[in-house]
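> Got a structure here, written out as structure tokens. Questions coming.
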Amino acid sequence: MLELRLVQGSLLKKVMDSIKDLVNDANFDCSATGFSLQAMDSSHVALVALLLRSEGFEHYRCDRNISMGMNLGNMAKMLKCAGNDDIITIKADDGSDTVTFMFESPTQDKIADFEMKLMDIDSEHLGIPEAEYHAIVRMPSSEFARICKDLSSIGDTVVISVTKEGVKFSTRGDIGTANIVCRQNTTVDKPEEATVIEMNEPVSLTFALRYMNSFTKASPLSSTVTISLSSELPVVVEYKIAEMGYIRFYLAPKIEEDEDESKP
Amino acid sequence: MLELRLVQGSLLKKVMDSIKDLVNDANFDCSATGFSLQAMDSSHVALVALLLRSEGFEHYRCDRNISMGMNLGNMAKMLKCAGNDDIITIKADDGSDTVTFMFESPTQDKIADFEMKLMDIDSEHLGIPEAEYHAIVRMPSSEFARICKDLSSIGDTVVISVTKEGVKFSTRGDIGTANIVCRQNTTVDKPEEATVIEMNEPVSLTFALRYMNSFTKASPLSSTVTISLSSELPVVVEYKIAEMGYIRFYLAPKIEEDEDESKP
Amino acid sequence: MLELRLVQGSLLKKVMDSIKDLVNDANFDCSATGFSLQAMDSSHVALVALLLRSEGFEHYRCDRNISMGMNLGNMAKMLKCAGNDDIITIKADDGSDTVTFMFESPTQDKIADFEMKLMDIDSEHLGIPEAEYHAIVRMPSSEFARICKDLSSIGDTVVISVTKEGVKFSTRGDIGTANIVCRQNTTVDKPEEATVIEMNEPVSLTFALRYMNSFTKASPLSSTVTISLSSELPVVVEYKIAEMGYIRFYLAPKIEEDEDESKP
């Protein structure tokens with residue numbers, strides 16, 4: 001039997017909103033450790049990894065490890081019906097082919113339960129090795145979202161270049177070129193407004209803006225985003241979920257001649 | 001001659017917004033008692049009844065009973081041009097084939113008059129007998145609107161079941177099932193947030209959500225809605241219009257096998 | 001070399017939003033006096049004239065007069081990427097076929113530069129003679145915008161009639177007629193809410209609402225609008241840009257039989 005009670009139900013709503021356009025169907029894996037998901041996007045280019053640790057739930061009962069295949073669009077439709085202040089409980093009986101989402105209003109005057117059929121989904125869990133990154137940028141998530149959106153009005157790809165001084169986002173399109181530089185800045189009043197760069201060596205990589213824009217739908221989950229870059233590895237765009245875990249997006253860089261220019 | 005002056009003109013704007021999508025053309029009936037309308041929706045399934053009593057108008061002159069046929073879409077277009085704080089006056093000369101809507105800004109610096117052709121509309125006034133209902137539910141109108149909208153994302157019909165403990169709204173669709181229970185609750189701080197159930201016998205009826213959603217467009221008119229149910233009668237969904245009257249929607253239940261399950 | 005630094009960058013964003021739908025391509029003329037534009041709309045019916053005087057810029061360097069042909073849609077796309085509090089600098093090197101827009105965030109932590117190709121655009125600068133107008137109406141720009149929008153839901157043209165008492169906006173369409181009268185009113189608390197009429201002789205002219213609605217996109221630039229009318233001349237709809245200049249729209253009246261009715 002599975003019963004996961006999450007007081008801050010709006011978290012789960014935001015998680016769904018951030019991945020439902022990227023991934024159609026996926027297996028949610030439940031174990032004693034937590035509630036997690038790993039899935040490729042529908043065009044098999046980007047990878048999403050979600051972890052909600054068991055400690056973050058008010059009540060977490062998972063008798064044995066199970067994997068529940070769900071259509072994320074349908075799951076998102078159901079979670080949209082939860083109020084922002086509702087407590088959400090995910091329930092599944094052993095051997096059942098359905099999952100139930102229960103929404104309780106704060107006053108307990110309104111109780112909803114939504115039942116959804118589970119699906120059989122073939123998926124292999126990819127081992128994602130711990131890696132050393134050439135550069136890690138932490139910046140306000142709203143700023144990163146704004147930059148990706150702005151550059152999309154000019155071009156299709158973004159070159160992200162990191163030096164000790166700052167991070168530069170560049171694009172080029174039919175109507176012209178654009179460069180946006182965010183300087184390292186750790187002396188702000190609010191820590192979530194800082195732009196912090198940890199760099200071992202300069203790096204400059206090109207990515208499809210379409211995916212980056214999709215990743216930024218997770219911005220409501222966290223006021224900061226961490227972008228980890230290495231020239232041989234997919235970029236990791238990570239949004240921490242307070243006291244619970246994270247959502248991480250992985251995307252391989254585009255191989256372009258332009259990319260070589262900025263290498264030392 | 002007809003001259004009806006309504007200080008709270010926004011009321012009339014809200015009334016039009018709540019019925020213009022349901023009814024295309026209708027006769028407005030004016031008498032010494034008030035300004036009223038009774039009309040079937042364009043697919044002849046639902047009935048709307050509106051009453052604005054003469055006492056609610058600042059000035060109400062209606063020399064003889066008249067019936068004015070109007071296209072509600074056009075009337076709504078004109079009323080949209082009234083400011084929310086404007087005073088609205090409805091004027092018609094005897095024997096005229098036009099009606100004039102006059103809008104006065106609170107400062108009297110802006111005066112608009114909109115003239116619209118009247119139409120000849122065949123209609124028979126249905127006598128709606130006073131009835132005894134098995135159950136009457138009063139609840140916040142925003143809550144009812146939210147429930148109808150949420151269930152529409154899952155299914156096409158709603159089963160409304162009333163017991164002494166509460167009212168349950170259920171639906172079923174391709175992606176799953178949903179049940180939302182609102183408990184009777186009369187001990188809230190604000191009376192308009194109460195959910196109050198008067199029940200003579202349990203009742204469970206099925207309705208098309210499309211119509212219910214259409215009715216909830218009247219929610220801005222009143223913070224509460226009253227739903228009167230009886231197994232042999234159309235449901236009445238009523239929104240009171242403060243100090244003036246009401247707007248009532250009638251809809252016959254669907255006859256389904258499911259319905260029988262919940263009967264005692 | 002050209003370098004124009006505008007602290008209140010949002011002004012330039014608003015200017016672009018107000019003309020980009022009316023004019024596709026246009027030459028911006030820079031001289032020691034200021035940054036200006038004069039262009040016909042794409043259907044060659046309306047004329048736009050913009051002036052931003054050099055004194056309004058924090059830094060204004062324009063070594064020699066130049067005319068820069070730009071696609072306004074593309075320019076607007078780039079300016080949309082500037083934050084509302086950003087400082088905008090327009091830069092062009094002598095003989096260059098590109099222009100650069102630089103956006104600096106207030107904290108200087110984010111610096112963006114957008115480079116756009118210039119275009120060769122044939123245009124002749126029309127001399128607009130100073131004229132005497134029969135009537136000049138100054139009124140709140142939001143009120144004028146609301147009236148044009150409201151009348152558009154009824155008809156395609158507006159008759160603007162000015163008398164000493166007020167200004168009347170009228171239209172006629174399939175669903176009826178509408179008249180909106182704004183009375184002269186100079187005794188309001190805030191001067192920007194006044195409606196002030198200077199009249200030498202009564203005037204009544206007909207204009208296409210489509211253009212009027214387009215002009216009102218400049219409303220965010222100024223809380224008041226000035227409408228100058230003369231029976232032999234195009235109307236001038238002017239929005240002052242605080243401490244910098246103005247944007248003016250010119251539109252020839254429609255010649256209609258209706259128009260004659262109101263002439264003395």
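The values are calculated or read from the model by the stated rules, or taken from the named source; none is laboratory data. Everything numeric here is computed off the predicted structure, so don't read it as measured data. Cβ sites come from the backbone with ideal geometry, for glycine too, and all protein chains shown count toward neighbours. Areas reflect the complete protein model, heavy atoms only, side chains present, ligands, DNA and RNA absent. Shrake-Rupley method; radii C 1.70, N 1.55, O 1.52, S 1.80 Å.
> Within region A:92-117, can you find the residues that are more than 22 Å from A:L11 (Cα to Cα), more than 9 Å from every other protein chain (Cβ to nearest Cβ) and not small (G, A, S)?
Hits for region A:92-117 are A:D93, A:D94, A:D97.
> Further question: Regarding region B:50-59, can at least one residue be identified that is touching a Lys or Arg at 6+ places or on another chain (Cβ under 9 Å) and open to solvent by 50 Å² or more (accessible area, probe 1.4 Å)?
Yes.
> Got a sec? Which of A:V196, A:V203 is over 26 Å from A:K13 (Cα atoms), away from chain C (no Cβ under 14 Å), in contact with a strand residue (DSSP E or B) (Cβ under 7 Å, 6 or more places away or on another chain) and among the β-branched types (V, I, T)?
None of the other options fit; the residue is A:V203.
> Would you mind telling me which numbered condition in (1) under 22 Å from A:L2 (Cβ atoms); (2) open to solvent by 60 Å² or more (accessible area, probe 1.4 Å); (3) part of a strand (DSSP E or B) A:R138 fails?
A:R138 satisfies all of (1) under 22 Å from A:L2 (Cβ atoms); (2) open to solvent by 60 Å² or more (accessible area, probe 1.4 Å); (3) part of a strand (DSSP E or B) except (1).
> Let me ask something else. Taking region C:74-114 as the search range and keeping residues that are among the hydroxyl-bearing types (S, T, Y) and modelled with pLDDT under 95, which one is least open to solvent (accessible area, probe 1.4 Å)?
Looking at residues that are among the hydroxyl-bearing types (S, T, Y) and modelled with pLDDT under 95, I get C:S96.
> Are any residues in region A:154-168 under 24 Å from C:M70 (Cβ atoms) and more than 8 Å from every other protein chain (Cβ to nearest Cβ), and if so, which ones?
Within region A:154-168, A:G155, A:D156 meet the criteria.
> Related question: Tell me, yes or no, whether region A:115-128 has at least one residue that is part of a strand (DSSP E or B) and open to solvent by less than 40 Å² (accessible area, probe 1.4 Å).
yes
> B:S18 versus (1) modelled with pLDDT of 95 or more; (2) open to solvent by 10 Å² or more (accessible area, probe 1.4 Å): which is the lone unmet condition?
If we test B:S18 against (1) modelled with pLDDT of 95 or more; (2) open to solvent by 10 Å² or more (accessible area, probe 1.4 Å), just (2) comes out false.
> While we're here: Can you name the residue in region C:135-153 that is away from chain B (no Cβ under 13 Å) and of a type outside the set (A, V, I, L, M, F, W, C) and is also nearest to the chain's Cα centre (by Cα) among such residues?
C:S141
> Contact list please: Cβ distance under 7 Å, first residue in region C:185-198 and at pLDDT 90 or above, second residue surrounded by fewer than 14 Cβ atoms within 10 Å (Cβ to Cβ), pairs at least six apart or on different chains.
Note: pairs meeting the criteria are C:A194/C:T186; C:A194/C:V188; C:V196/C:T186; C:I197/C:K164.
> If you don't mind, there's one more thing I want to ask. Tell me which residues, restricted to region C:135-166, are free of Cβ contacts under 8 Å to residues at least 40 places away in the same chain, within 20 Å of C:V203 (Cα to Cα) and not hydrophobic (A, V, I, L, M, F, W, C).
C:T163, C:K164, C:E165, C:G166
> Conditions first: (1) out of contact with any Pro (no Cβ under 9 Å at 6 or more places or on another chain); (2) under 29 Å from C:N24 (Cα atoms). C:K168 passes all but one, so which condition is the exception?
Status for C:K168: all satisfied but (2).
> Something else: Would you confirm whether any residue within region A:119-133 is within 14 Å of chain B (Cβ to nearest Cβ), touching a strand residue (DSSP E or B) at 6+ places or on another chain (Cβ under 6 Å) and within 30 Å of A:A82 (Cα to Cα)?
yes
> So which of C:V181, C:V188 ends up being of a type in the set (A, V, I, L, M, F, W, C), outside any strand (DSSP E or B), within 14 Å of another protein chain (Cβ to nearest Cβ) and open to solvent by 20 Å² or more (accessible area, probe 1.4 Å)?
Residue meeting the stated conditions: C:V188.
> To continue, here is another question. Exactly one condition in (1) farther than 30 Å from A:K254 by Cβ; (2) part of a helix (DSSP H, G or I); (3) open to solvent by 20 Å² or more (accessible area, probe 1.4 Å) is false for A:L12; which is it?
The one condition A:L12 does not meet is (3).
> Here is a check on your reading of the model: is C:K217 within 25 Å of C:D41 (Cβ to Cβ), out of contact with any strand residue (DSSP E or B) (no Cβ under 9 Å at 6 or more places or on another chain), surrounded by 17 or more Cβ atoms within 10 Å (Cβ to Cβ) and in contact (Cβ under 8 Å) with a residue 60 or more places away in the chain?
It is true that C:K217 is within 25 Å of C:D41 (Cβ to Cβ), out of contact with any strand residue (DSSP E or B) (no Cβ under 9 Å at 6 or more places or on another chain), surrounded by 17 or more Cβ atoms within 10 Å (Cβ to Cβ) and in contact (Cβ under 8 Å) with a residue 60 or more places away in the chain.
> Let me ask something else. Among the residues of region C:244-257, which ones are under 23 Å from C:S42 (Cα atoms) and assigned to a loop (DSSP other than H, G, I, E, B)?
C:A252, C:P253, C:I255
> In a loop (DSSP other than H, G, I, E, B), among the hydrophobic types (A, V, I, L, M, F, W, C) and farther than 16 Å from A:A112 by Cβ: does that describe B:A112?
Criteria not met by B:A112.
> May I ask you to say which residue of B:T226, B:T171 is at pLDDT 95 or above and open to solvent by 30 Å² or more (accessible area, probe 1.4 Å)?
Going through B:T226, B:T171 in turn, the sole match is B:T226.
> Considering every residue within region A:201-209, establish whether at least one is within 11 Å of the chain's Cα centre (by Cα) and of a type in the set (F, W, Y).
No, that holds for no residue.
> I'm trying to understand the selection: among the residues of region B:23-38, which are open to solvent by 10 Å² or more (accessible area, probe 1.4 Å) and not charged (D, E, K, R)?
Matches in region B:23-38: B:N24, B:N27, B:S31, B:A32, B:T33, B:S36, B:Q38.
> Oh, and also: Are there any pairs, at least 6 apart or on different chains, whose C-beta atoms fall under 7 Å, with the first in region B:229-243 and assigned to a strand (DSSP E or B) and the second open to solvent by less than 10 Å² (accessible area, probe 1.4 Å) and of a type in the set (S, T, N, Q), and if so, which?
Within 7 Å, the pairs are B:Y239/B:S141.
> Every residue in region C:237-258 that is buried (at least 20 other Cβ atoms within 10 Å of the Cβ) and within 17 Å of C:S161 (Cβ to Cβ), please.
C:V237, C:L251, C:P253
> Could you check how many residues of region A:60-90 are among the charged types (D, E, K, R), outside any loop (DSSP other than H, G, I, E, B) and within 13 Å of chain B (Cβ to nearest Cβ)?
The total comes to 2.
> Looking at B:L6, B:L47, can you tell me which residue is over 12 Å from the mean Cα position of the chain (by Cα), open to solvent by less than 30 Å² (accessible area, probe 1.4 Å) and at pLDDT 95 or above?
Exactly one residue qualifies, and that residue is B:L6.
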